[in-house]
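To start, the structure under review is shown below, and the notes come after it.
The values are calculated or read from the model by the stated rules, or taken from the named source; none is laboratory data. Worth saying up front: this structure is predicted, and the values here are computed from it rather than measured. Positions of Cβ are generated from backbone atoms using ideal geometry, with glycine treated the same way; all protein chains shown enter the neighbour counts. We work out accessible area using only protein heavy atoms, side chains counted, and drop any ligands, DNA or RNA first. Shrake-Rupley method; radii C 1.70, N 1.55, O 1.52, S 1.80 Å.
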Amino acid sequence: SPDEGWQVYTSAQAPDGKCLCTAVIPVQGTCSRDLRSHQLRQLMEKVQNISQSMEVLDLRTYRDLQYVRNTESLMKGLDSRLKVAAESQKSLNTKSFQELKDKMTELLPLLPVLDQYKSDTRLIVHLKEEVRNLSGSLLAIQEEMGAYDYEELQQRVLMLEARLHACMQKLGCGKLTGVSNPITIRASGSRFGSWMTDTMTPSTDSRVWYMDGYYKGRRVLEFRTLNDFVTGQNFVQHLLPHPWAGTGHVVFNGSLYYNKYQSNIAVKYHFRSRSVLVQRSLAGAGYNNTFPYSWGGFSDIDFMVDENGLWAVYTTNQNAGNIVVSRVDPQTLEVLRSWDTGYPKRSAGESFMICGTLYVTNSHLAGAKIYFAYYTNTSSYEYTDIPFHNQYSHISMLDYNPRERVLYTWNNGHQVIYNVTLFHVIKTSGEL
């Protein structure tokens, strides 16, 4: 379940089609032990309650004992007077009788103290029973866990996580064969926008960036973790020196790549230094809604990252409005190589890159499918029919994250992710 921090990374098939493997791995390296964790939480609460009850009991007993000690001399005096009265009733005159009654009145407050002792005795019996139950529960959990303690179990989890990572690395790139049902992370912002995590940094960096709106925006929110993003807490704000156009932004190795408003200029903004490191014009690229996706929104230039690096998707007059895919140097923003896909950009709902292949949805509205694929390694294309559930009926941002192997989507004011299934040829060199 995504709530427990687990994600489906990828699926794989052997060339003969016999094996379908889904690698599932905990994002934060944690081990969720629902039943035992629940039992231990209950036991910890019991221990805490018992401890608090014992402290109250100890304080009350100490207070009452002090009161009994203070009345000890009074009780001894009363005892001697009663003995004298018993031996000689004549000595018990009116004055002596009144004094005796006064002494008894002074001792009356001892009665509730004695009642409290009785109550405390019952509480002690109850606490003993709780301790017995607690011991039995701990023994049951110990038997259920067997010979492993938590440290050993944690080591086994870390070892398994490393093996799963190794498996994922062996899988490498593949062909998209399926997209999961959408997983809604949050509902916030306007109808249009973008959100993302870094596509390159280690998995320990779980920051989330959030950019509401599709043009003239300059405010980027950086959340510390995905959970902080869900709750809307623990974020810092970056104010970009140049406003953005569209929603085709991407974060790659600590920098934001985006299209500068009212231009075909690509901008690389470094978050740590809060400065623009480089900006460069994409020669001939349309801008200002010249060649947007079908939903408009100044989406002329779309930056993407996959397993092969940084890409820019756009079009030019020379390409007659067909989608151009360009490999871009992330340091200099220089175009390294371009491909003309032959697919009209205004007919595309959105697109994303996986393993050097551009996948295009045929609509941004409900009923969309992943309809077209262009393979840069062979400069060829094919029409596909991959179901894609557009839950909120208006997609304005769709990007693949190769580090997490999921699709990030902004869908009508909802931030959504999809897991992907890739077809692989698995290369193994012994047991994982």
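At a glance:
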item: Within region 401-412, considering residues that are open to solvent by less than 10 Å² (accessible area, probe 1.4 Å) and out of contact with any His (no Cβ under 8 Å at 6 or more places or on another chain), the one nearest to residue 213 (Cα to Cα); result: 410
item: The listed residue being of a type in the set (A, V, I, L, M, F, W, C) and more than 15 Å from residue 350 (Cα to Cα), out of 420, 416; result: 420
item: Of residues in region 72-104 being closer than 30 Å to residue 56 by Cβ and modelled with pLDDT of 70 or more, the one most open to solvent (accessible area, probe 1.4 Å); result: 75
item: Any hit, region 331-343, residues being in contact with a Ser or Thr (Cβ under 8 Å, 6 or more places away or on another chain), buried (at least 18 other Cβ atoms within 10 Å of the Cβ) and part of a loop (DSSP other than H, G, I, E, B); result: no
item: Top-ranked residue in region 243-270 [being farther than 20 Å from residue 297 by Cα and not hydrophobic (A, V, I, L, M, F, W, C); ranked as most open to solvent (accessible area, probe 1.4 Å)]; result: 253
item: Residue identified as touching a residue at least 40 places away in the same chain (Cβ under 8 Å) and more than 22 Å from residue 202 (Cα to Cα) among 232, 254; result: 232
item: The lone exception for residue 297 - which of (1) surrounded by fewer than 16 Cβ atoms within 10 Å (Cβ to Cβ); (2) in contact (Cβ under 8 Å) with a residue 12 or more places away in the chain; (3) assigned to a loop (DSSP other than H, G, I, E, B) it fails; result: (1)
item: Residue 287, sole failed condition from (1) open to solvent by 40 Å² or more (accessible area, probe 1.4 Å); (2) in a loop (DSSP other than H, G, I, E, B); (3) without any contact (Cβ under 8 Å) to a residue 24 or more places away in the chain; result: (3)
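Rundown of residues vs (1) buried (at least 18 other Cβ atoms within 10 Å of the Cβ); (2) in contact with a helix residue (DSSP H, G or I) (Cβ under 8 Å, 6 or more places away or on another chain); (3) of a type in the set (Phe, Trp, Tyr), yes/no style:
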position	(1), (2), (3)
346	no, no, no
350	yes, no, no
355	yes, no, no
359	yes, no, yes
364	yes, no, no
375	no, no, yes
379	no, no, no
